[in-house]
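Enquirer: Quick one: the structure is below, questions incoming.
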Amino acid sequence: MTRIAIVEDDRTTREGLETVINLAAGFKCVCTCMTGEDALRLVPPQAPQVVLMDIQLPKMSGVECVSRLKELQPSMQIIMVTVYEDPDRIFCALRAGACGYLLKRSTPEQIIAAIRDVQRGGVPMSSEIARKVIAHFREQKTAATDLDRKSTRLNSSHLGI
């Protein structure tokens, strides 16, 4: 039985996720929390294997909560479930220790598949998020290539080549 915790401040979303988890074979929701502070207090004693985490929580952000939960239980797998698609939030969440990033409009089947994926060592992401991550790295590569070309030209002209 895979133990799941949910950290989500919106009651409707939280209850919807809890229902999806409890209806899936082999999954059990062991804890739901409305805030990051509640999560830090209630999640560790329940020892879930996977946490579904909202990014925008009152007071403490979901990103900060991820970081602090990972300090307490490094093996815990945390998947962000959010409406935010901007690269800054995505990378902040991943740097904090999240191992996946889903959009709230994901279907129940996609959420269950993501949990199974993360348990197998995967990094589940909504396809729109994966596309943004790839675009970000392509932009970084282009910027680095441009910088290398400018540096080569400067060095060549400096040496009289």
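The values are calculated or read from the model by the stated rules, or taken from the named source; none is laboratory data. Treat the numbers as computed from the prediction; the structure is a model and nothing was measured. So basically every Cβ, Gly included, is an ideal-geometry build from the backbone, and we count neighbours across all protein chains shown. When the accessible area is computed, the model is the full protein with side chains, heavy atoms only, and any ligands, DNA or RNA have been set aside. Shrake-Rupley method; radii C 1.70, N 1.55, O 1.52, S 1.80 Å.
Enquirer: Of everything in the stretch 71-80, what is buried (at least 19 other Cβ atoms within 10 Å of the Cβ) and either modelled with pLDDT under 95 or not in a strand (DSSP E or B) (or both)? Give them in sequence order.
Expert: The one that is buried (at least 19 other Cβ atoms within 10 Å of the Cβ) and either modelled with pLDDT under 95 or not in a strand (DSSP E or B) (or both): MET76.
Enquirer: Output the qualifying pairs, or none if there are none: Cβ atoms under 7 angstrom, residues six or more apart or on different chains, first residue in the stretch 44-59 and on the phi > 0 side of the Ramachandran plot, second residue in a loop (DSSP other than H, G, I, E, B) and surrounded by 14 or more Cβ atoms within 10 Å (Cβ to Cβ).
Expert: Here the result reads LYS59/THR35, each pair linking the stretch 44-59 to a residue that is in a loop (DSSP other than H, G, I, E, B) and surrounded by 14 or more Cβ atoms within 10 Å (Cβ to Cβ).
Enquirer: Here is a list: ARG68, ARG120. Which entry is closer than 24 Å to ASP38 by Cβ and open to solvent by 40 Å² or more (accessible area, probe 1.4 Å)? Break it down into steps so the answer makes sense when it comes.
Expert: Numbers: ARG120 fails: closer than 24 Å to ASP38 by Cβ.
When all the criteria are applied, what remains is ARG68.
Enquirer: Right, next: It is to be established whether one or more residues within the stretch 37-46 are in contact with a Leu (Cβ under 9 Å, 6 or more places away or on another chain), open to solvent by less than 10 Å² (accessible area, probe 1.4 Å) and over 18 Å from ALA130 (Cα atoms).
Expert: Yes; the residues of the stretch 37-46 include at least one that is in contact with a Leu (Cβ under 9 Å, 6 or more places away or on another chain), open to solvent by less than 10 Å² (accessible area, probe 1.4 Å) and over 18 Å from ALA130 (Cα atoms).
Enquirer: Checking the structure you have, find out if any residue of the stretch 47-54 is charged (D, E, K, R) and either surrounded by 14 or more Cβ atoms within 10 Å (Cβ to Cβ) or touching a His at 6+ places or on another chain (Cβ under 6 Å) (or both).
Expert: yes
Enquirer: Could you figure out which of (1) among the aliphatic types (A, V, I, L, M); (2) open to solvent by 20 Å² or more (accessible area, probe 1.4 Å); (3) outside any strand (DSSP E or B); (4) without any contact (Cβ under 8 Å) to a residue 60 or more places away in the chain isn't true of VAL30?
Expert: Only one criterion is unmet by VAL30, namely (3).
Enquirer: Being touching a helix residue (DSSP H, G or I) at 6+ places or on another chain (Cβ under 7 Å) and at pLDDT below 80 is the filter; apply it to the stretch 123-141 and report the residue that is most open to solvent (accessible area, probe 1.4 Å).
Expert: LYS132
Enquirer: A follow-up question, please. Given the condition of a type in the set (Gly, Ala, Ser), open to solvent by 40 Å² or more (accessible area, probe 1.4 Å) and assigned to a helix (DSSP H, G or I), answer yes or no: does some residue in the stretch 94-115 qualify?
Expert: Yes: the stretch 94-115 contains one or more residues that are of a type in the set (Gly, Ala, Ser), open to solvent by 40 Å² or more (accessible area, probe 1.4 Å) and assigned to a helix (DSSP H, G or I).
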